Amino acid sequence: MYRTGPTNLCSQEESEMAGKLAGKVAIVTGVSHDGQVGQAVAKALAAEGASLAVCARTKDDVVARAAELKAEGANVIPVVASLTDEADVKRLVSETASAFGRIDIVVNLAGGLTVYKPSAEVCVDEWTREVNNNVLSAFLVTREVFPHMAKTGGGSIINFARAGHAQANMLPYNVAKAGVVALTRTFALEGKDAQIRVNAIGPGLVDTASNVAMMKPKDTSKWAKRDEIADVVVFLASPESIGVTGQVLDVTGWGFS
């Protein structure tokens, strides 16, 4: 059962019962298909008491994920938005602030790998799409929430980079994730005075439904698990990581990248 808990709690024991994130509000982007990281992250944040705005481009997907969360007692709204569209990002943030009164946590999960081919064969449209989906989306959301977090005493922004070094046939994705690291560290420097922490997670291979379907592995025991990724998100979102900012935390499971 997900617990949202009251904002003002009478004791430390009550606070722990309500969850590490009781009274906090989180935006989680890229919450679309069943069996993906976004779904696991949203469930983990809700389980710790956070209210949520979950976002994806496809209405049916994000509404379905929100319905799952609501069925477990979460306080959640679905928002349909394309995060490479500045107007859509402004609407996502304004709807979240209007619904909950504040924004404390942002998880920039939107993006991913869609272009896999030799670098010399990559066209401009493919390059632009991959970079925009991964870097522009994180920039627009982060930029838009900064003033909201500054007004309410700070917050935590969690981006998604990648673990390990560049790999062949993934040039736009490699460049995009390097850009996410630079974006993370720059915003972390600029957010210090406002107590806005900005970090990134660098996952290795993760046991998502889409990865398993595409790669058809014989064994995923060394892959990172969705729940392991979600646990690191909760850590970075919570007061337990109060001294951590500008960092990239690799989560590779046992298959070191």
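Bear in mind these aren't lab numbers, they're just calculated from the coordinates by the rules spelled out. Because the structure is a prediction, the values reported are computed rather than measured. Note that each Cβ is placed from the backbone with ideal geometry, even for glycine, and that neighbours are counted across all protein chains shown.
The range 46-110: D in µm²/s via Stokes-Einstein (Kirkwood Rh, Cα pairs, 4 °C, 1.567 mPa s)?
On the way: Rh = 12.1 Å.
Using the Kirkwood radius from Cα pairs, D works out to 107 µm²/s.
Calculated [222 nm] ellipticity per residue, helices only, for the chain: -13000 deg cm²/dmol; basis is -39500 (n - 2.57) per DSSP H run with n ≥ 4, divided by all residues, nearest 500.
If you take every residue apart from Ile103 with its C-beta less than 10 Å away from the C-beta of Ile103, what net charge results, scoring Lys and Arg +1 and Asp and Glu -1? The partial results should precede the final answer.
Numbers: positive: Lys24, Arg102, Lys151; negative: Asp104, Glu144.
Value of the local net charge: +1.
Given the pairs Lys20/Lys216; Lys59/Lys90; Lys177/Lys225; Lys90/Lys192; Lys90/Lys225, which span a C-alpha to C-alpha distance of over 25 angstrom in this model? Flagged as over cut-off: Lys20/Lys216; Lys90/Lys225. Out of Thr58, Thr128, Thr184, any idea which swings most in a Gaussian network model of the chain, alpha carbons joined below 10 Å? The residue with the greatest mean-square fluctuation here is Thr128.
Below 8 Å, C-alpha to C-alpha, sequence gap of six or more: please give me the relative contact order for the range 80-199 in percent.
Details: 167 pairs, mean separation 37.4, N = 120.
Relative contact order for the range 80-199 comes out at 31 percent.
Only one residue of Thr128, Thr96, Pro118 has its Cα farthest out toward the positive end of the dipole of the range 88-175, where Lys and Arg carry +1 and Asp and Glu -1 on Cβ, and that residue is Thr96.
For the range 20-251, take the convex hull of the Cα atoms, compute a quarter of its surface area, and give me that in nm², please.
On the way: hull surface 48.7 nm².
So the Cα hull casts an average projection of 12.2 nm².
Taking amide H as placed 1.01 Å from N in the peptide plane, Gly202 has its amide H under 5 Å from the amide H of Ala161, Leu249, Asp250, Val251, each at least 5 places away in sequence or on another chain.
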